[in-house]
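The values are calculated or read from the model by the stated rules, or taken from the named source; none is laboratory data. No experiment lies behind these values; they were computed from the predicted model shown. Glycine gets a Cβ as well: all are built from the backbone with ideal geometry, and neighbour counts include every protein chain shown.
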Amino acid sequence: MGVAALLCGAAIEARTTDNPLWRAEHDLLTAAARAGNRLVLVGDRGHVLLSDDNGRSWALHRAPTDELLEAVLFTSPREGWAVGQDELVFHTTDAGEHWTPQHAAPKSDQALFTIASLGPAHLFASGAYDLTLETTDAGAHWTEGKIPDLDDDYHLNCALARGDELLVTGEAGHAFLRQAGKWVKIPVPYDGSQFGCLLDSQDRLYSFGLRGSLFRAVRGVAGWKRLKTPDDRSIFGGTNLADGRLAMVGGNGLAMIFDPATDAITLIPTGTDATLSGAAETADGKLLAVGTDGFHLLPIPEGQTK
């Protein structure tokens, strides 16, 4: 099951006003990204929220869809992509103000959960039922594929590039690394779903997911080391911080900072019990977390990692 499916089940409708911007700010938001210093949020009904003042105020834009957008990625301050239900792929060249469709399959009953960049024009997306899409021409043409030797019932929840390599993680502890065009299985030692993945400043791979599971790849791709987390709240999303630490968010208002230098974790009070699924660091050093009840701007505790 993808993160968005869990979020939809937990979402609480906030309908105390008919103002479209207010509703979008408090409705289901799934992912956050930076486009230069601009913040870009995506979520339900094709909503796109943009802020140029570190989240103090927002402008509502829309991708040309009423479907849920699951992930957003920018490869430059102006060029980015968003993916979602019905295998939707949208492209922007003006930092999220306008979106052009590049791919869709409304009869496929499949969703894209994640998108990664292996270069300025080379993108990879994955999602439900072992679905993958790839382009090497900035989305002019997308090629659909599958990861070999993976049951079609399994979802691929996260994709992450490390140079020319590509990590994909998903349900039931499945994880794969593509090297020189060949997929290699590197399953995490846990049967629960993995919802997200990150790369630290030393190019070490991390995978995280159900019931607070957090793993770091050891000895290249030879295996994984499980890292201790404060509790069993599931981890759904994360982001790299400018100081080298990793921020992660998840169920029941979980927000935490992980220091790769010491493996220390600092919890951040969020003031919400909502499910949080995505995060980005603002230009002025705050953590922007998004989830079933909209967005939250959170202070980032000071750290020593350089």
Open item on the list: Going through PRO64, PRO148 one at a time, which residue ends up being more than 19 Å from ARG178 (Cα to Cα) and either outside any loop (DSSP other than H, G, I, E, B) or free of Cβ contacts under 8 Å to residues at least 60 places away in the same chain (or both)?
Closed with: PRO64
TODO: Those residues that are without any contact (Cβ under 8 Å) to a residue 24 or more places away in the chain and either buried (at least 23 other Cβ atoms within 10 Å of the Cβ) or touching a Lys or Arg at 6+ places or on another chain (Cβ under 8 Å) (or both), I need them from the stretch 19-44; list them, please.
DONE: ARG23
Task: Unmet criterion (only one of (1) buried (at least 23 other Cβ atoms within 10 Å of the Cβ); (2) in contact with a Phe, Trp or Tyr (Cβ under 6 Å, 6 or more places away or on another chain); (3) modelled with pLDDT of 95 or more) for GLY2 - done: (3)
TODO: Taking VAL72 as the residue in question, decide whether it is at pLDDT 95 or above, touching a Phe, Trp or Tyr at 6+ places or on another chain (Cβ under 9 Å), more than 15 Å from GLY294 (Cα to Cα) and outside any loop (DSSP other than H, G, I, E, B).
DONE: yes
Task: Cβ-Cβ under 6 Å pairs, at least 6 apart or on other chains, the stretch 224-235 side basic (Lys, Arg), far side surrounded by 14 or more Cβ atoms within 10 Å (Cβ to Cβ) and in a strand (DSSP E or B) - done: LYS225/ARG216; ARG226/PHE215; ARG233/GLY250
- [ ] Considering each of LEU177, LEU167 in turn, give the residue that is within 21 Å of the chain's Cα centre (by Cα), farther than 30 Å from THR100 by Cα and touching a residue at least 12 places away in the same chain (Cβ under 8 Å).
- [x] LEU177
Open item on the list: Looking at (1) touching a Ser or Thr at 6+ places or on another chain (Cβ under 8 Å); (2) more than 21 Å from ASP44 (Cα to Cα); (3) surrounded by fewer than 17 Cβ atoms within 10 Å (Cβ to Cβ), which one does ALA159 not meet, given that it meets all the others?
Closed with: (3)
Task: Any hit, the stretch 248-260, residues being over 15 Å from the mean Cα position of the chain (by Cα), under 15 Å from LEU39 (Cα atoms) and in contact (Cβ under 8 Å) with a residue 24 or more places away in the chain - done: no
TODO: Give the residue that is surrounded by the fewest Cβ atoms within 10 Å (Cβ to Cβ), with candidates limited to residues of the stretch 45-61 that are in contact with a helix residue (DSSP H, G or I) (Cβ under 7 Å, 6 or more places away or on another chain), in a strand (DSSP E or B) and free of Cβ contacts under 8 Å to residues at least 60 places away in the same chain.
DONE: LEU60
Task: Residue that is among the polar types (S, T, N, Q) and either closer than 20 Å to ALA280 by Cα or touching a Pro at 6+ places or on another chain (Cβ under 8 Å) (or both), where the choices are SER76, SER126, SER108 - done: SER76
- [ ] Pull up the stretch 269-288, narrow it to residues that are more than 15 Å from the chain's Cα centre (by Cα) and either within 23 Å of ARG38 (Cβ to Cβ) or of a type in the set (Phe, Trp, Tyr) (or both), then point me to the one that is surrounded by the most Cβ atoms within 10 Å (Cβ to Cβ).
- [x] THR282
TODO: Could you check ILE12 against (1) modelled with pLDDT under 95; (2) within 18 Å of the chain's Cα centre (by Cα) and say which number it fails?
DONE: (2)
